[in-house]
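The structure appears right after this line, and notes come after that.
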Amino acid sequence: MLTAQAVLAKECWLLTKLEGNIAMSTDKYAFVPDKFSNPIVLCFNDDNTGTVTDDNTQFVKFGASTLVGLATNQGIELIETYQIDRVKGKVLFTKSRIGTATVLPNGPDVVSACVGNAERIKDKP
């Protein structure tokens, strides 16, 4: 499960069972249950950046346990945050995206929040 991102990173976490709620503009922003389909790996890098599996958003490390990602693309504005609760072994995830219809006709703007399990991937000896 270790990816190239994990090899170059200072600290990586396996994130599983992320579940929460999402609200989409196409559904009048009514919250409904949502979850991540697959586990992901989050890595904090030495240069105060970070990576998340299958997410090409540019992330910045904010403090010791938070990655914040910002992206814009032809009118879409996206903010994602991942925070690791190191004491309880949990990850907190939030996402907000507007301007989606400027790129994808009838595409929904969204806001979501999820909580899942976070397990530190041990460094190789």
The chain: Cys lacking any partner C-beta under 4.7 angstrom: C114
Table column - 3J(HN,Hα) (Hz), the stretch 11-21, Karplus curve with 6.51, -1.76, 1.60, x for Gly and Pro: 8, 10, 10, 8, 10, 9, 6, 6, 9, x, 9
Computed magnitude of the charge dipole of the stretch 28-125 (debye, nearest 20; Cβ of K, R +1, Cβ of D, E -1): 340
The chain: Lys pairs at Cα distance under 26 angstrom, eight or more positions apart or on different chains: 28
CD proxy at 222 nm, helix term only [per DSSP H run n ≥ 4: -39500 (n - 2.57); per residue of the chain; nearest 500]: -1000 deg cm²/dmol
The chain, Cα convex hull volume normalised per residue, Å³: 111
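Coordinate-derived values only; no laboratory data. Treat the numbers as computed from the prediction; the structure is a model and nothing was measured. With ideal geometry, Cβ positions are generated from the backbone for all residues, glycine too; neighbour counts draw on all protein chains shown.
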